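Input: a single structure, listed below in structure tokens.
The values are calculated or read from the model by the stated rules, or taken from the named source; none is laboratory data. In this text, all values refer to a predicted model and were calculated from it rather than measured experimentally. Using ideal geometry, Cβ is built from the backbone for each residue, glycine included, and neighbour counts are taken over all protein chains shown. For the accessible areas, the whole protein counts, side chains as well, though only heavy atoms, and no ligand, DNA or RNA atoms are used. Shrake-Rupley method; radii C 1.70, N 1.55, O 1.52, S 1.80 Å.
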Amino acid sequence: MAQWFAAKATAGAALVFFRMGDFYELFHEDAEAASEALGIALTHRGEHQGRPIPMCGVPVHSHEAYLARLIRRGFRVAICEQTETPEEAKARKAATLNREIIRVVTPGTATEEALLDAARPAWLLALVPGGAAWLDVTTGLFHTQKGAEPAALIARLAPAEILAEESLGIEGAIPALPPRDAEGRLAAALGAGSLEGFGQFSAEEVAAAAMAVEYVRAVNNGSLPRLSPPVPEGARGVLLLDAATRRSLDILEGPRGASLLAAVDRTLTGPGARELAARLAAPLDDLPAIRARHDAVAALREDKALRAKLRAALKGAPDMARALARISLERFSPRDLGAIRDGLQRAAQLATALEAATPALLAEAVTPLGAAPATAAELARALAADLPARLDDGGVAAPGYDGELDALRRLRDDARGAIAAMQVELAQAWGIAALKIRHHQQLGYLAEVPSAAGEKLLRAAPATATGDLAPIHRQSMANAHRFTCAALAALDRRLSEAGEQAARRERLVIAHLRRLILADAEAIAAAAREMAALDVLAASAELATEGAWCRPELTERPDFAIEAGRHPVVEAALRRARGPAFVPNDCDLSPGRRLCLLTGPNMAGKSTWLRQNALMVILAQAGLFLPAAAARVGLVDRLFSRVGAADDLAGGRSTFMVEMTETAAILNQAGPRSLVVLDEVGRGTATWDGLAIATAVLEALHDRIRCRTLFATHFHELTALSEKLPELRLAAMQVREWRGEVVFQHAVAPGAAEKSWGVHVAKLAGVPAPVLKRAASVLAQLEARAAAGADPLAQEMPLFARAPVAPAHPALAALAALDIDTLSPREAQDALYNLKALAEGKEAL
């Protein structure tokens, strides 16, 4: 327990997995927390200060599953291992085995497969005022950014763990500070004397990067994984998306899994899925780079045979990048070595398939894919075909790779054969055909010969029985003698130590293979990156062949023209549900018609149309084709999308305040190359206030910012601005009324909507009939006032006036006066005739 208290003092708030034999035990408050989180039994063992010590534990062989559950629940876990064997502790006459914390497992530094999502990176994000750095210890990727906006960066990366200076006030972040001499420590971690060879970094970027690296070093007990050189990421080169826009567009995550990523993902590997997610989260703002991606996708779409070869080689390919990270941290299994072997073989197949490819991205991939051929060949020769799950299980090295290991294995696995071979050798050397090798409990293996032959051997050994084969008498019996020799004694020792020696020799072989891999780590990482990129390109081509997906024409001009565009997520959902076909729509925001004012009822598809055009920009600039018949897109530097309403209760902001904050961000940050998508600005306040704000925002976007804009509204009064704003065009969702019911056509056409059809939508939602009837009455009165040229709100609002009480119908009054229980059949018949006459407007009979 003294060891546990020392470990707990080091671990702080982290739970301590304390190794005791075949279990990781937890004690005191750690045991109570883990027992509740994992649903395992809480027991007690011993006492501390007169109170039982709470305890629970998990088996070592299956601890990763429990570790994963704790990490997902937000815990950090310190692994306290036994650092010596019982024999070593006994040799130094210690009462307990030595134990030390070897690492602290956190969401952003975990490397075990059970703790990771194969399709998503595990970013560790470090934030300081004016700078940011993020790295993925599982792949070695490392980026920095100056002047980063924390909220936008967090929304883009969805980091597994955040470090931040407390002054930034980042919710859920671990408080941290940059180390002293940040530049020197960062350079040393990268194995360099300075950072000059890696690019230009601001002081804030260096501080954030050093903070991240030192945190990784601390939780890994001073060790660092292989890290790629940090890549400084400027604002230019990437399409900028703020946090509100990412939430609005459901790029990587959406309700019930309906996200853009899920709709377009046709990748076959985990690294490919991560690369696709990264491209969608950070589309390019670099025309040559985007066109290079489009060229590669177009070539693969046309060359079906090449695409099939690439996807066949990629299917089932291992995750080399993450295996390499575990190998660099000495936290690997035999299957990680196998992943490097198999991954390099798949990379070589891809390189061979691409030898005749012409698009730049495909041709340039050949060299990195064919890297490290010597290491690939060595691993193929060295590793067994079927690898065990753990290094301690043995059987990692292939037979024939290491002669000494093979001999030790033969000794271990075929002791009878080794004894038989020695018996033949001694029988020939000593000239005694009846010689038998037998095992004695105390004396080990001995050569037993008949008495006569033994007496002869005692008097004089044959000339061939010299050196290691010279006989040494050990025991005499009534009818036999027992001998040994140096060779037999050595065989005895080898047999008893063969298993341990074989394991030791195999560890040396594994260490040699690890050194080979790490010597080519950069080449292997480059090959892994190219495989992921090829997976995305081939998957994008596969997606483009599934339906009418077109290659967009990218320009530097402020163009935006989509012909028969479709929302990829909604279309995919309709296809899965075998619903009706998606209705495609055009969108044209070319110069001269930069602003589109969209009107129409709810449920008609306004939000779908707005979002689908925003997603067109993301897909095009990420390098994918578009779900449209044709598309011309001018490069967008910033995309803003505010579709849907949401409040911020924790932040004390109402829905309208959130809307105004996001609108302010758009008006302050948008520029001429931006695309702005706004839905129902001003709806959260009084009618005239909302209309005034919507008018002012629309005018600012048209006159001052001059960006491409989609603006949806229920304020039909705004349509009058089309006469004042020359680049404003009107569009409306098409609706038909048939037999008193509304039919939404989901089509966009030029012009303005006649009305909003709000009462009809309320009916579809199941609003009770009396409420609908009252709403229709109020609406009719308001419309009548407006038609008469009067201000519909100037008089008493029908909203607050009592509904008029209609006089009772004579038939109803007569019916109410009847005493049905006293009527005879004849009187009842007369009453019915009377009621019928009153209902027809005649006098009572």
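Descriptive notes on the structure:
- Per-region count, segment 772-782, residues free of Cβ contacts under 8 Å to residues at least 12 places away in the same chain and open to solvent by less than 80 Å² (accessible area, probe 1.4 Å): 1
- In segment 337-443, counting only helices (runs of 4 or more DSSP H) that sit wholly within it, the ones holding 2 or more residues that are charged (D, E, K, R) and touching a helix residue (DSSP H, G or I) at 6+ places or on another chain (Cβ under 6 Å) span 403-413.
- A single member of A212, A188, A207, A218 is within 30 Å of Q621 (Cβ to Cβ) and out of contact with any Asp or Glu (no Cβ under 8 Å at 6 or more places or on another chain), and it is A212.
Table: residues versus (1) open to solvent by less than 20 Å² (accessible area, probe 1.4 Å); (2) under 23 Å from the mean Cα position of the chain (by Cα).
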residue: A155; (1), (2): no, yes
residue: A160; (1), (2): no, yes
residue: G169; (1), (2): no, no
residue: R180; (1), (2): no, no
residue: A187; (1), (2): yes, no
residue: A192; (1), (2): no, no
residue: F198; (1), (2): no, no
residue: V216; (1), (2): yes, yes
residue: V231; (1), (2): no, yes
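- Qualifying positions in segment 426-443 - buried (at least 17 other Cβ atoms within 10 Å of the Cβ) and either over 19 Å from L491 (Cα atoms) or in contact (Cβ under 8 Å) with a residue 12 or more places away in the chain (or both): L426, A429, W430, I432, L435, I437
- Residue pairs whose Cβ atoms lie under 9 Å apart, sitting 6 or more positions apart in sequence or on different chains, and linking a residue in segment 700-725 that is in contact (Cβ under 8 Å) with a residue 12 or more places away in the chain and within 17 Å of N602 (Cα to Cα) to a partner that is assigned to a helix (DSSP H, G or I) and open to solvent by 50 Å² or more (accessible area, probe 1.4 Å), are F715/T687.
- Search result, residues across segment 694-715 that are open to solvent by 50 Å² or more (accessible area, probe 1.4 Å) and not in a loop (DSSP other than H, G, I, E, B): A696, D703, R704
- Flag if C596 is open to solvent by 10 Å² or more (accessible area, probe 1.4 Å) and within 30 Å of V759 (Cβ to Cβ): yes
- Identification of helices (runs of 4 or more DSSP H) wholly contained in segment 232-287 with 2 or more residues that are among the polar types (S, T, N, Q) and under 23 Å from E149 (Cα atoms) yields 243-249.
- Residues satisfying the stated conditions in segment 592-605, i.e. in a strand (DSSP E or B) and polar (S, T, N, Q): T599
- Once segment 538-585 is narrowed to residues that are among the basic types (K, R) and in contact (Cβ under 8 Å) with a residue 24 or more places away in the chain, the residue that is surrounded by the most Cβ atoms within 10 Å (Cβ to Cβ) is R566.
- Strands (runs of 3 or more DSSP E) (entirely within segment 551-591) containing at least 1 residues that are at pLDDT 95 or above, closer than 21 Å to G257 by Cα and among the β-branched types (V, I, T): none
- Only a single item in (1) outside any helix (DSSP H, G or I); (2) surrounded by 19 or more Cβ atoms within 10 Å (Cβ to Cβ) is not met by G316, and it is number (2).
- Options P768, P726; residue that is open to solvent by 50 Å² or more (accessible area, probe 1.4 Å), under 45 Å from the mean Cα position of the chain (by Cα) and at pLDDT 80 or above: P768
- Residue match in segment 355-363 (condition: closer than 26 Å to A521 by Cα and open to solvent by less than 20 Å² (accessible area, probe 1.4 Å)): yes
- Scope segment 75-95; condition closer than 17 Å to W4 by Cβ and among the polar types (S, T, N, Q); matching residues: Q82, T83
- The conditions of being of a type in the set (A, V, I, L, M, F, W, C) and without any contact (Cβ under 8 Å) to a residue 12 or more places away in the chain are met by A308.
- In the set (1) at pLDDT 95 or above; (2) open to solvent by less than 60 Å² (accessible area, probe 1.4 Å); (3) not in a helix (DSSP H, G or I), D535 fails one condition alone, (3).
- Residue among R51, R92, R76 that alone is charged (D, E, K, R) and in contact (Cβ under 8 Å) with a residue 40 or more places away in the chain: R76
- Residues that are open to solvent by 40 Å² or more (accessible area, probe 1.4 Å), in contact with a helix residue (DSSP H, G or I) (Cβ under 7 Å, 6 or more places away or on another chain) and closer than 12 Å to Y445 by Cα within segment 466-487 comprise just one, A486.
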